[in-house]
């Protein structure tokens, strides 16, 4: 395997591998071009199975020539069959939950950051940075600390306190910007021009985004080298959604797995649904929105990969739906009660859309559905406040009996 | 109105290395046309069939013109028009 070049997704112009991310000819995004012509599928499978317990087992499909140093190696998170969730949804489909909160900083962002920081080191950067809605901030701060790099993390100043605390602890330069994520992103795009820093999701974005493919690879491997029939994934910028598609496609094309692309269903919050709107209206661009939702990790009003997410949902016969803040809260509880997995608001969005698909009769009997849980519930505790009540009693048997008289029989 | 149009680093080969250009115009479209009149190579990179390419973002003093009147967005004396790639973030 060799990593060939950076290639424009729009006009196919090619660029040398470096810290660059958009096409000078047409402004299209750059993607990694690989040469897999000498790859033997059986040998690649053996290398994977003998590989490390994390994303670097897929090093053949990442933009490196070997396994980089990565002390916090993320990946190989649990894929759980959620029969009780399927039952509550009233479907005979097989529902699987890919719990990617089980990563070093408790979100899927550890995957993309591990790849970006390894690349930043390879390219000689000593400072890394990012524009984040929270999870990325946690991951960049932690992985930079692990690698001994300086870091600058830019977030909207009104982020959930849990995400700010879980970033600052790593000793990063945490910068709260008075504005929404799109303001933060614009600022970082400008800073990337004037500072010699590796912004993981700006000038290193082509490499960074590749990390999300490992979620597709793991899914296939954990299903016994089979493709799911359908995936449900949250959409913020659309990068995860489209890279899941690319991951499946690479393995289909190279003969590591048989079959076709799963049906792709995307999930957004109603308060920030530019991609769902573009899908519904049949547009090939997204009209930007000013976000207003409790799902702050998905609150990107101007999604970079929105057009490609719309295209992939259409091409696979899927769709992109949006759910309200109330539906998000209910879905967080539904997942917790039926699987023991406590997800953040983004996972509530995903499960909310899964529930919508079930209600519409879209999930056929026997169909194998994988829903991606991308973050941890402890990061967005406010979303669960007031969704249940606690029994408060005196430390006496009488007090307990009085409280539970109706429910407990001896 | 005289405004400053900021050019992204990667396109500065087309402006002879200039990072910003001073032009006249009453709205964003006119200001960009004035830039294209001075630096013809930029036009094809930024626009297609008379509209902005889909991965180009333009801001007037920090506000995305798609939240305003697009290329018709009025500009005032001293405004800064910034052209940036739209493929960052997430």
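Among beta bridges identified by DSSP and lying wholly in chain A, the antiparallel ones come to about 35 percent. Using the alpha-carbon positions of segment A:109-206, Rg (one decimal) and Dmax (whole number) come out as 11.9, 34 Å.
GNM on chain A, C-alpha springs below 10 Å: top fluctuator among A:325, A:38, A:60? Judging by the Gaussian network model, the answer is A:38. Angle of helix A:306-315 to the longest C-alpha principal axis of chain A, folded into 0 to 90 degrees and rounded to 10: 80°. A straight line joining the Cα centroids of segment B:60-90 and segment A:205-255 runs 34 Å. Ranked by the mean number of other Cβ atoms within 10 Å per residue, highest first, peptides B:39-46, A:261-268 order as A:261-268, B:39-46.
Arranged from fewest to most other beta-carbon atoms within 10 Å of their beta carbon, A:240, A:17, A:381 become A:381, A:17, A:240. In plain terms, the residue of B:84, A:39, A:215 with the fewest other Cβ atoms within 10 Å comes first and the most crowded comes last, giving A:39, B:84, A:215. Distance from the C-alpha centroid of segment A:351-365 to that of segment A:269-347: 15 Å, rounded to the whole angstrom.
Does the protein assembly as shown come out rounded, prolate or oblate by the C-alpha gyration tensor, with a ≥ b ≥ c the root eigenvalues, rounded set by a/c under 1.5 and, if not, prolate when a/b is larger than b/c and oblate if not? Prolate shape, in that a/c is at least 1.5 and a/b is the bigger ratio.
Per-residue ellipticity at 222 nm computed for chain A from its helices equals -11000 deg cm²/dmol, with DSSP H segments shorter than 4 residues left out and the rest contributing -39,500 (n - 2.57). Summary of the geometry: segment A:137-198 and segment A:1-56, compared by the centres of their Cα atoms, lie 27 Å apart. In terms of surrounding Cβ atoms within a 10 Å radius of their Cβ, B:1, A:390 rank from fewest to most as A:390, B:1.
The C-alpha atoms of chain A define a longest principal axis, and helix A:325-339 lies at about 80 degrees to it.
Among A:231, A:285, A:112, which one shows the highest mean-square fluctuation when chain A is modelled as a Gaussian network with alpha-carbon springs under 10 Å? Result: A:285 has the largest fluctuation of those listed.
Within the listed set A:169, A:113, A:155, the residue fluctuating most in the Gaussian network model of chain A (springs between alpha-carbon atoms under 10 angstrom) is A:169.
Look at the stretch B:79-87: the mean tally of other chain Cβ atoms within 10 Å of its residues' Cβ atoms is 6. Take the Cα of residue A:397, step 7 Å toward its Cβ, do the same at residue A:292, and the gap between the two points is 5.6 nm. Between the Cα long axis of helix A:239-253 and the first principal axis of chain A there is an angle of about 70°, rounded to the nearest 10.
Throughout, read-outs are computed from the coordinates displayed, never taken from laboratory work. The model shown is predicted, which means the values in this text are computed figures rather than measured ones. Glycine gets a Cβ as well: all are built from the backbone with ideal geometry, and neighbour counts include every protein chain shown.
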